[in-house]
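The structure appears below as structure tokens.
The values are calculated or read from the model by the stated rules, or taken from the named source; none is laboratory data. What you see is a predicted model, and the numbers here were worked out from it, not measured in a lab. Note: ideal-geometry Cβ built from the backbone for every residue, glycine included; neighbour counts use all protein chains shown. The area values use the complete protein model at the heavy-atom level, side chains included, leaving out ligands, DNA and RNA. Shrake-Rupley method; radii C 1.70, N 1.55, O 1.52, S 1.80 Å.
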Amino acid sequence: MLQRVRALRDGSFLTLAIESSCDDTAVALLEGQRRIRSSVLSSQVESHSPFGGVVPEFASRMHLEAILPLIDRALDEGKISDPKRDLDLLAVTAGPGLMGSLLVGVMAAKGLAQAWDKPILGVNHLEGHIFANVVNHADLETPFLAMVVSGGHTEVVLVRELGSYEVIGETRDDAAGEAYDKVAKLLGLPYPGGPVIDRLAKDGDDRAFDFPVPLSSSGKVEFSFSGLKTAVLSQVDKLVAEGRTLPVEDLCASFQRAVVRSLVSKLDLAVSLTGVKSVAVSGGVGANSALRGELLSQRRWKAYLPDPFYCTDNAVMIAGAAYHGWMRGRRSGIDLSPSPSWGITDGV
Ligand code: KG4
Ligand code: ZN
């Protein structure tokens, strides 16, 4: 106890965090709020790729195999020889995500918390994505707008202060990352679609096809990507019916242009509606090179982006959210259980 009080005071508070909500198993050790002592990850992408998406039963089994060796590696690389003595907090993603995947992380964290006699804190994965920027940028101050744009979510959140979140806009249907994955599938490209479309788009003409920018004049901060996916599908069907070779790079570039224009124009709108001029973007699609280029080259507001590694799922962001949650007085018990359908305002 004395040791923990001392750690709080001198900023050496050590959080070990586990993330296993979807198809990446990740563990990180964070000192204080920003010093990354270790961050390790085991990706399942190659195993799910032949199926064109994440197979939940497969995912939980692979988390089970990966998790304990990863925890060992994170402790090792973080130079922790005696976790019972040195750690201050065990953090774990409690939701949203796949039930079986979340369960593996939560059970591992609970087991270790008991074995090492440490407190445990369940973390909201979406709050975690927001904290990717908090950990990466010491100059990011509240209030700010956060856009979480991932495989399961596309939302704009007003962060009045850390821990206080108001959703001011979200997708009506598919998430942006989901649209990337579905468009990749219909173009015969592997899962996950985002990185491969991003790469192919670099060699394509983004004006080759005039795909619609979803809800561009709705006047609301809202997104919709399923119509855009259908527009790509119709174009592909037309080209196939005409017997033409698919100009895959042009299709990727034109699709990506519509996605990026939608995301950036709705951020513009969110800034003008709220008057908040700091925008932190995170989530897998935040790794997209066209989106990053657009966000960082405009001067209408200040854009914050984590390094691409911290856009996609990782455990550093979970540790960052846990550290702040703990300082705000959040506590979980050993009865912690997964909450697959949490929204951003749940469990924070
Ligand atoms: O945040 P994340 O790792 O997991 C979720 O919480 O969903 O996001 C994964 C999503 C996938 O849909 C993937 O296709 C997309 O992020 N993604 C990208 C890029 N890298 C990953 N989308 C566009 N461009 C990228 N470079
Ligand atoms: Zn995520």
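What part of the accessible area of the chain, given as a whole %, is carbon or sulfur when the probe is 1.4 angstrom?
Carbon-and-sulfur percentage of accessible area, whole number: 51.
Note down the magnitude of the dipole of the chain about its Cα centre, charges +1 on Lys and Arg C-beta and -1 on Asp and Glu C-beta and zero elsewhere, to the nearest 20 debye.
My answer is approximately 840 debye.
Calculated from DSSP H runs of 4 or more alone, at -39500 (n - 2.57) each and per residue, what is the 222 nm mean residue ellipticity of the chain, nearest 500?
My calculation for the chain gives -14000 deg cm²/dmol from helical runs alone.
Tell me, what ³J(HN,Hα) does each residue in region 208-214 have, in order and in whole Hz, if you take phi through Karplus 6.51 cos²θ - 1.76 cosθ + 1.60 with θ = phi - 60° and put x for Gly and Pro?
Going residue by residue, I get 4, 10, 9, 6, x, 8, x Hz, with x marking Gly and Pro.
Using alpha carbon centroids, what distance separates region 290-348 and region 153-178, in Å?
Value for the Cα centre distance between the two parts: 11 Å.
Under unit Cβ charges (Lys, Arg +1; Asp, Glu -1), what dipole magnitude, rounded to 20 debye, does region 142-305 have relative to its Cα centre?
Dipole about the Cα centre, nearest 20: 400 debye.
Evaluate E = 1/(1 + (r/R0)^6) for Asp335 and Glu65, where r is the Cβ-Cβ distance and R0 equals 30 Å; express this FRET efficiency to the nearest 0.05.
0.70
If packing is taken as the average count of other Cβ atoms within 10 Å, what order do 329-337, 180-188 fall into, highest mean first?
180-188, 329-337
Quick one: angle between helix 248-274 and the longest Cα principal axis of the chain, in degrees between 0 and 90, rounded to 10, please.
That works out to roughly 60 degrees.
Setting aside same-chain residues fewer than 8 positions from Lys84, which lysines have a Cα under 21 Å from its Cα?
By straight Cα distance, Lys84 reaches Lys110, Lys118.
Excluding residues on the same chain fewer than 8 positions from Lys220, give the lysines whose Cα lies under 26 Å from its Cα.
Lys182, Lys229, Lys266, Lys277, Lys302
Suppose we keep just the DSSP beta bridges with both residues in the chain; what percent of those would be antiparallel, to 5?
Antiparallel: roughly 60 percent of the beta bridges in the chain.
Residue by residue through region 277-289, what is 3J(HN,Hα) from phi via Karplus (6.51 cos²θ - 1.76 cosθ + 1.60, θ = phi - 60°)? Round to whole Hz and write x for glycine and proline.
Rounded to whole hertz, the list is 10, 10, 10, 10, 9, 8, x, x, 5, x, 7, 5, 5.
How much area per residue is accessible in region 30-172 when the probe is 1.4 Å and only protein heavy atoms are counted (Å²)?
Value returned for region 30-172: 41 Å² of accessible area per residue.
Got a sec? Charge dipole of the chain, +1 on Cβ for Lys and Arg, -1 for Asp and Glu; which of Pro96, Asn124, Ala208 is way out at the positive end?
Going by the charge dipole, the pick is Asn124.
Go through 94-105, 246-257, 287-298 and give me the packing order, highest mean Cβ count within 10 Å leading.
Top to bottom by mean Cβ count within 10 Å: 94-105, 246-257, 287-298.
Beta carbons within 10 angstrom, averaged per residue: use that to sort the peptides 146-154, 192-200, highest first.
Answer by packing, highest mean first, reads 146-154, 192-200.
Below 14 angstrom from the Cβ of Val40, what's the summed charge of the other residues (Lys, Arg +1; Asp, Glu -1)?
Overall, the nearby charge balance is -3.
Near Lys202, which aspartates and glutamates are there with a Cα under 12 Å away, not counting those fewer than 8 places off in the same chain?
Glu249, Asp250
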